[in-house]
Amino acid sequence: MTETGEVLMYLLTVAWLLPLVGFVVEIYWLRWSHRLHQGAAYTAVACIGIGFLCSLSALIYWGNQTHWAALSEPEHHAHVGSHDAEHHDSSAPHHDDAKAHAEAVHADTHPADDHAEAAHPTPAAPKYFSGTYYELARFSGLRISLDWYIDSLTLVMFTMVTFIATCIHLFAIGYMQEELTEEYEDHEVHLHNGGHFSRPGRFYRFFAYLSLFCFSMLGLVLAGNIFQVFIFWELVGLCSYLLIGFYIERKSASTAANKAFIMNRVGDFGFLIGMMILWTSFGTFQFGDRGEGEHAEAGLFTMVRGNDGTLDVSDDGQQVHLRDAHGHRAERDGLPLTISYSLLVAAGLGIFAGSIGKSAQFPLHTWLPDAMEGPTPVSALVHSATMVAAGVYLAGRFYPVFTPEVLLGIAYIGCITLFVAATIALVVTDIKRVLAYSTISQLGYMMLGIGVAGWGAGLFHLVTHAFFKSLMFLCSGSVIAGCHHEQDMRKMGGLRHKMKITAYTMLVGVIAIAGLAIPGTAIGFSGFYSKDAIVASALAYSELNPNHFLLFITPLVTAGITSFYMFRLWFMTFAGEPRDAHVYEHCHENPRIMTVPLIVLAVLAAACAWPGESGPLYRLITDSETVPAATRVVSAGASQVTLPSHHGHDSDVHHVHAMAGFLALVAAFVGMGLAYLLYVKKSVDPDQVRRQFSSVYDFLVDKWRFDTLYDVMFVAPVHVVAKWCVNFDRKVLDSILHGAAGLTVMVSKLDRKFDETFIDGLVNLVGSMTYTVGSSLKAVQTGHLRQYVMWIAVGVIVLFGALYTTIPK
């Protein structure tokens, strides 16, 4: 199995590094080409496209090597434990070893499995593969290195990210054609003379940023330790800053880029706190175990959950016993190795704080709608497969570290987020901002799923959402390009007659996100299956924990709201009669380079999740599950919550799945029906409803006044403190500096007078005397040779006389 791990590592490493190669080529494009050449775009597409082929090859190879055991019934493919490892030569320094070592680590080891292994000599597929690229440093027991960690979730994420990024790159070639010029005139930037700002086109730079963005996200997914995750986490944030602020000359774009960057740093502060707790308590950053036998070193997940996936909590509930690589209680210097339960909760909340910022969860959600200032392909990539997906991925990857109390906090954060964002989307008229708020809401669904112990459901929705949200953002970009950069839906209508491909591929995405299906059957698009899995998990959770019933009611109601505002978007844009004749007359369908990616994504948005939780996508994701979900889990902490069971026909989720699915489907159809009555049939005038509920409407238009609240709580106080600092600087510091400067000038003047009067006078006196003496001696310089000979003779006589008289006889 070590050979399998090495092959997977090489394939995914190539897929990861190719976008970096593309970035280097594209960023220096003007050195060997010119601004009007599209080679930079083709280079970017080739790099990410080959990366997709490598990722897909890795997934297929892994499936073949494991005989696709992940696709069998969950109860029929247990993961047995042994350690197959290939190590570096111990005599060679780590820094000189360019070849990464592979470790095939098998989790969920049970003593009772020995009998099963005797009966079935063929070992089951390993849980994950991990290894090290390069060891950077070692500080006592802490090892800093570049590691890789590959399981089924890694393979699915790599395949999804590279495929969607390839489609977006292709679409961007057509969308960014205006940048393919020597002089781009930005009509959104007005100069003081009334003209528009002009600059060279940035076509090549745009694709360079996209390539770096993909490299960062893939590095985050492949990372084998939390320190490495943090490095790529920050690099993703940097790339988002560059892309959101692509039109940096626009005030709105630069403000949005700064807002995204700063709000993410707030969340990352919590991330750093969580990292430090993990470092000091566990002494390692690595996810997976290293080595084998007696020398095996446990990774984070094994130390927290052991080999059976459970927390080993002390009888008083105050301490959590950490495990060694063999699943036994770890010891250090003869004493049990433990971590305070509350400290483990703090570590989990700290890590999740990073996810709150990156995935735009309440209360750090306000940056994502403003991020629409970037080009639409950027929005598609940010909202589907990269930045916001990174937060959910981190929450999913660190699920073994989260206690039930942390999961409860995650569930409520997700619940609040999904409802708040959905209500704002009801009144938004900018086509891209509707999709932005829908993204925030759907991310809330994912966090809710993870929080109610629906780990597989949350990540299942992450993948399905990536397909239909990238589709809808590209469709919105097609509308914007076809309508000459018009984004206001109130000026649209009837566009399906001129943009048939865009209209009906967008409809596929709308149906998918609404969660619609054929009544009486289990046939629906991808969002139907993934959202139902979350709602079912929430219902099972609320039945076991009645005090938390809002965790089911809120997503159920929001399912109807989601269906309403998404069909509202489609009806206002593509149905009915044109509301602006100028926009309609100049509207047109876009070229194939932009429409073909829409068709491809529409197929996957419809079918990628079929046939739901018994389908290949869900089972591939849950094959990497590290915390067992076959039985209920009761919290040992103060919350006393009970996590529902998921697997098997007797599980808590299975018992409520049909009811949850039915209620969610009813809510979706009700939302669609209301949107049809208001915006197609015109049974009720939306303007009249707006006037009737003007206060609510204004509250939602003002985005729940979060920006106003943050201005009052944070921005205004900072401005006040800044003004104090300015006044202190001007009145105190400047006075001190000015006084010091005046004193220095006065001393300098006195020094000048002393220098000119005394020093220069003395020097001038010496010079004058020297000149006088020289002038007097000048008379003896006659130029007559006989006179000089005479004086020599006189001098010799005088010298002889002096010597004669002074030397004693």
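The values are calculated or read from the model by the stated rules, or taken from the named source; none is laboratory data. Since this is a predicted model, take the numbers as computed values, not measurements. Cβ: placed from backbone, ideal geometry, glycine included. Neighbour counts: every protein chain shown. Ligands, DNA and RNA are stripped out before the accessible areas are found, and what is left, the full protein with its side chains, is counted by its heavy atoms. Shrake-Rupley method; radii C 1.70, N 1.55, O 1.52, S 1.80 Å.
Hydrodynamic estimate: the Kirkwood radius of the range 749-809 over Cα pairs, inserted into Stokes-Einstein at 20 °C and 1.002 mPa s, corresponds to D of 137 µm²/s. The Cβ shell under 12 Å around residue 495 holds other residues with a net charge of 0, Lys and Arg each +1, Asp and Glu each -1. Distance between the 7 Å Cα→Cβ label points at residue 543 and residue 732: 6.5 nm. Between the range 380-445 and the range 472-539, the alpha-carbon centres lie 18 Å apart. Using the Cβ-Cβ distance between residue 295 and residue 190 with R0 set to 41 Å, the FRET efficiency works out to roughly 0.05.
The candidates 483, 725, arranged from most to least accessible area with a 1.4 Å probe in the full protein assembly, appear as 725, 483.
Rounded to the nearest 0.05, what FRET efficiency is calculated for residue 688 and residue 500 with R0 set to 25 Å and r the Cβ-Cβ distance?
Between residue 688 and residue 500 the formula returns 0.15.
Tell me, what is the FRET efficiency for residue 796 and residue 776 to the nearest 0.05, using R0 = 30 angstrom and their Cβ-Cβ distance as r? Step by step, r from the Cβ atoms, then E = 0.80. Given the range 363-415 reduced to its alpha-carbon atoms as identical point scatterers, what log10 I(q)/I(0) does the Debye formula return at q = 0.16, 0.20, 0.24, 0.29 Å⁻¹? Taken in order of the listed q values, log10 I(q)/I(0) reads -0.60, -0.81, -0.97, -1.13.
With each label modelled as a point 7 angstrom along the Cα→C-beta vector, the residue 139-residue 329 pair spans 3.1 nm.
Ellipsoid semi-axes for the range 435-506, based on the Cα gyration tensor and the rule √(5λ), read 31, 12, 8 Å when sorted largest first.
Only lysines eight or more places from residue 498 in sequence, or on another chain, were considered; those with a Cα closer than 29 Å are 432, 469, 681, 682. As a size descriptor, the averaged projected area of the C-alpha convex hull of the range 325-395 was calculated at 7.1 nm².
Counting only heavy atoms of the protein chains and using a 1.4 Å probe, residue 143 has close to 10 Å² of accessible surface. Farthest toward the positive end of the dipole of the chain, out of 349, 497, 553, is the Cα of 497, where the dipole comes from beta carbon charges about the Cα centre.
Size of the range 253-359 from its Cα atoms: along the principal axes, largest to smallest, the extents are 56, 34, 25 Å.
Rounded to the nearest 10 square angstrom, residue 697 shows an accessible area of 60 square angstrom against a 1.4 Å probe. Taking 279, 16, 791 and ordering them by how much accessible surface each has at a 1.4 Å probe, largest first, produces 791, 279, 16.
If you look at the Cα atoms of the range 179-225, you get an Rg and a Dmax of 17.2, 55 Å.
In terms of the mean number of neighbouring beta-carbon atoms within 10 Å, the peptides 711-724, 199-212 order highest first as 199-212, 711-724. The residue among 578, 440, 566 whose Cα reaches farthest toward the positive pole of the charge dipole of the chain, with charges on the beta-carbon of Lys, Arg, Asp and Glu, is 578.
Each of 244, 27 has its accessible area taken with a 1.4 Å probe; listed largest first, they run 27, 244. For residue 695, the accessible surface of its heavy atoms amounts to roughly 80 Å² (probe 1.4 Å, protein chains only, rounded to the nearest 10). Distance from the alpha carbon centroid of the range 276-301 to that of the range 660-703 works out to 52 angstrom.
A helix-only calculation puts the chain at -20000 deg cm²/dmol for mean residue ellipticity at 222 nm, using -39500 (n - 2.57) for each DSSP H run of at least four residues, averaged over all residues.
For the range 634-702, what is the Kirkwood hydrodynamic radius in Å, using each pair of distinct C-alpha atoms? Taking the inverse mean of 1/r over all distinct Cα pairs, the range 634-702 comes out at 16.2 Å. Relative to one another, the C-alpha centroids of the range 584-658 and the range 712-737 are positioned 52 Å apart. Our compactness index for the range 120-273, the C-alpha radius of gyration over the empirical 2.2 N^0.38 Å, is 1.39. Just need log10 I(q)/I(0) for the chain at q = 0.06 Å⁻¹, Debye formula, equal scatterers on the alpha-carbon atoms, no solvent, rounded to two decimals. Log10 I(q)/I(0), no solvent term: -0.44. Every pair of different Cα atoms in the range 713-779 enters the Kirkwood calculation, which places the hydrodynamic radius at 16.7 Å. Rounded, prolate or oblate: which fits the range 655-768 when a ≥ b ≥ c are the square roots of the eigenvalues of the alpha-carbon gyration tensor, with rounded for a/c under 1.5 and prolate only if a/b beats b/c? Here the range 655-768 falls in the prolate category. The alpha-carbon of residue 723 sits under 29 angstrom from the alpha-carbons of these lysines, leaving out residues fewer than 8 places away in its chain: 251, 259, 703, 731.
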